[in-house]
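The values are calculated or read from the model by the stated rules, or taken from the named source; none is laboratory data. Since the structure is predicted, the reported quantities are computational estimates derived from the model, not experimental observations. Positions of Cβ are backbone-derived with ideal geometry, glycine not excepted, and every protein chain shown enters the neighbour counts.
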């Protein structure tokens, strides 16, 4: 007894429906995963700015203890940190609360380039640390998404 030819052949490969289901599943996973990935990348770039500004603050305190005033230029400080890649860094400090660098200073980093839809936000540090009042990274939506301090 011989089998009919069409019954004895084995199917090889995937059907169009199976491929469509796999593509839909991948699309749903990407829809949830890609925004989280982009947010975490932007948060790491912001963390780099916070780390840089923290080292600037420490160097400013050492400078102030040695000379009795805060430095006017970043190059006057005893740090070897390279500036963050994704922020513009001014080379001079501005007085913060007073009109003299003897009492206070401020440094503002501004995000450059594409920032995953957050715009050109700023991170501001003063002699007391992070200035949440004037930094735009401390305002929604950046404050809940990419601000390393939360």
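Specify the residue that is surrounded by the fewest Cβ atoms within 10 Å (Cβ to Cβ); the eligible residues are those in the stretch 130-148 that are in contact (Cβ under 8 Å) with a residue 40 or more places away in the chain and in a loop (DSSP other than H, G, I, E, B).
Among residues in the stretch 130-148 that are in contact (Cβ under 8 Å) with a residue 40 or more places away in the chain and in a loop (DSSP other than H, G, I, E, B), the one surrounded by the fewest Cβ atoms within 10 Å (Cβ to Cβ) is 148.
Quick check: anything in the stretch 10-17 modelled with pLDDT of 90 or more and assigned to a helix (DSSP H, G or I)?
Scanning the stretch 10-17, I find at least one residue that is modelled with pLDDT of 90 or more and assigned to a helix (DSSP H, G or I), so the answer is yes.
Do we have any residue at all in the stretch 52-73 that's in a helix (DSSP H, G or I) and in contact with a helix residue (DSSP H, G or I) (Cβ under 8 Å, 6 or more places away or on another chain)?
Checked the stretch 52-73: at least one residue is in a helix (DSSP H, G or I) and in contact with a helix residue (DSSP H, G or I) (Cβ under 8 Å, 6 or more places away or on another chain).
Output the residues belonging to the stretch 80-134 that are at pLDDT below 85, touching a strand residue (DSSP E or B) at 6+ places or on another chain (Cβ under 9 Å) and more than 30 Å from residue 35 (Cα to Cα).
Listed by number, the residues that qualify are 96, 97.
Identify, by number, the condition in (1) surrounded by fewer than 13 Cβ atoms within 10 Å (Cβ to Cβ); (2) under 16 Å from residue 125 (Cα atoms) that residue 29 doesn't meet.
The one condition residue 29 does not meet is (2).
Quick check on the stretch 100-112. Is at least one of its residues loosely packed, with under 13 Cβ neighbours inside 10 Å, without any contact (Cβ under 8 Å) to a residue 24 or more places away in the chain and either in contact with a helix residue (DSSP H, G or I) (Cβ under 9 Å, 6 or more places away or on another chain) or within 24 Å of residue 150 (Cα to Cα) (or both)?
no
What's the number of the condition residue 110 fails, among (1) in a loop (DSSP other than H, G, I, E, B); (2) under 29 Å from residue 128 (Cβ atoms); (3) within 22 Å of the chain's Cα centre (by Cα)?
Result: residue 110 fails condition (1) only.
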